[in-house]
Amino acid sequence: MMEKKAALFRRQWLSLLCGALLWFTAFSLGWFNAPEHSTEITRVQQEPDWDLFLEILMRNIGVSGALFLGVVTAGVATIPVAMVTGALAGYSFGQAVPVLGVTGVTRHLLPHMPLELVSIAIAVGAGLVPLAAWARSGLGRRLSGAEWWSQVVDACRLWAVSLSGLVIAAGVETWVST
């Protein structure tokens with residue numbers, strides 16, 4: 001099974017690289033444009049339970065799904081969705097740092113955030129698979145039905161990897177980070 005995932009990542013390295021660059025660039029732009037002293041943000045302590053877990057998981061799956069559904073538009077719709085969601089996530093993180101402080105960020109965000117962000121970047125890469133395949137084919141050549149289908153299958157597999165990471169990240173956010 002691990003060999004199959006490694007082959008998938010090798011085949012789709014360009015999509016994953018572009019997805020990560022796009023997502024983390026947007027995240028960085030949002031982070032650096034967040035106000036230094038936000039008075040609107042407060043932190044409400046929540047009790048960890050299954051409802052919180054499902055709320056976090058559904059929000060993350062919604063973002064991941066919107067990014068992945070760019071496959072329907074041959075990857076083109078993934079780009080603006082990634083820019084908007086990445087910038088909003090970065091902006092939120094940039095606002096959280098002054099409110100939570102270093103200890104709060106370390107305690108609340110650090111346990112789950114790296115896995116969550118990587119999983120979302122993988123979803124961006126999954127959404128870009130058709131666009132990257134077309135670019136690799138020479139930008140003008142039309143992909144055959146079999147080539148197109150294999151790209152869609154790879155995109156679905158990458159999205160499954162993203163979802164599995166988001167399930168774990170939601171669990172960590174619910175029962176460790178709260």
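The values are calculated or read from the model by the stated rules, or taken from the named source; none is laboratory data. Just so it is clear, the model here is predicted, and its values are computed rather than measured. Note: ideal-geometry Cβ built from the backbone for every residue, glycine included; neighbour counts use all protein chains shown. For the accessible areas, the whole protein counts, side chains as well, though only heavy atoms, and no ligand, DNA or RNA atoms are used. Shrake-Rupley method; radii C 1.70, N 1.55, O 1.52, S 1.80 Å.
Where only DSSP H runs of four or more residues are counted, the chain gives -25500 deg cm²/dmol as its mean residue ellipticity at 222 nm, each run worth -39500 (n - 2.57). Note on surface exposure: Asp154, Asp51 rank Asp51, Asp154 by accessible area, highest first, 1.4 Å probe. Relative to the longest principal axis of the Cα atoms of the chain, the long axis of helix 113-136 lies at roughly 20 degrees. Only one residue of Ser92, Phe9, Met113 has its Cα farthest out toward the positive end of the dipole of the range 7-124, where Lys and Arg carry +1 and Asp and Glu -1 on Cβ, and that residue is Phe9.
Test of understanding: given the chain, find the longest segment containing no GluC sites (Glu not before Pro) that are in a DSSP loop and have at most 14 other Cβ atoms within 10 Å. Each step should come with its number before you reach the end.
Numbers: sites that count: Glu36, Glu40.
My reading of the result: 41-178 is the longest stretch.
Net length available on complete extension from Arg10 to Asn33 is 4.8 nm, with 0.36 nm assigned per residue and the Cα-Cα distance removed. Between the Cα long axis of helix 13-32 and the first principal axis of the chain there is an angle of about 30°, rounded to the nearest 10. Label-to-label distance, Leu115 versus Thr73, with points set 7 angstrom from Cα along the beta-carbon direction: 3.1 nm. For the chain, give the percent of accessible area contributed by carbon and sulfur heavy atoms, probe 1.4 Å, rounded to a whole number. Carbon with sulfur: 70 percent of the solvent-accessible area.
Each principal axis of the Cα cloud of the range 87-162 was evaluated for its coordinate range; sorted largest first, these ranges are 53, 22, 14 Å. Extension gain, Val84 to Val102, is 3.9 nm, computed as 0.36 nm per intervening residue step minus the present C-alpha separation. I'm spelling it out carefully: the read-out is Cα Rg over 2.2 N^0.38 Å, the candidates are (1) 1.81; (2) 1.11; (3) 1.03, and one was derived from this structure. Which label? Computed from the coordinates, Cα Rg over 2.2 N^0.38 Å corresponds to (2).
For the pair Glu47 and Ala135, what calculated FRET efficiency results from E = 1/(1 + (r/R0)^6), where r is the Cβ-Cβ distance and R0 = 45 Å, to the nearest 0.05? Working from the Cβ atoms, E equals 0.40. If one takes the longest principal axis of the Cα atoms in the chain, at what angle in degrees, from 0 to 90 and to the nearest 10, does the Cα axis of helix 78-104 lie? The answer is roughly 30 degrees.
Using the Karplus relation 6.51 cos²θ - 1.76 cosθ + 1.60 with θ = phi - 60°, the per-residue 3J(HN,Hα) values for the range 51-58 come to 5, 5, 4, 5, 5, 5, 4, 5 Hz, with x marking Gly and Pro.
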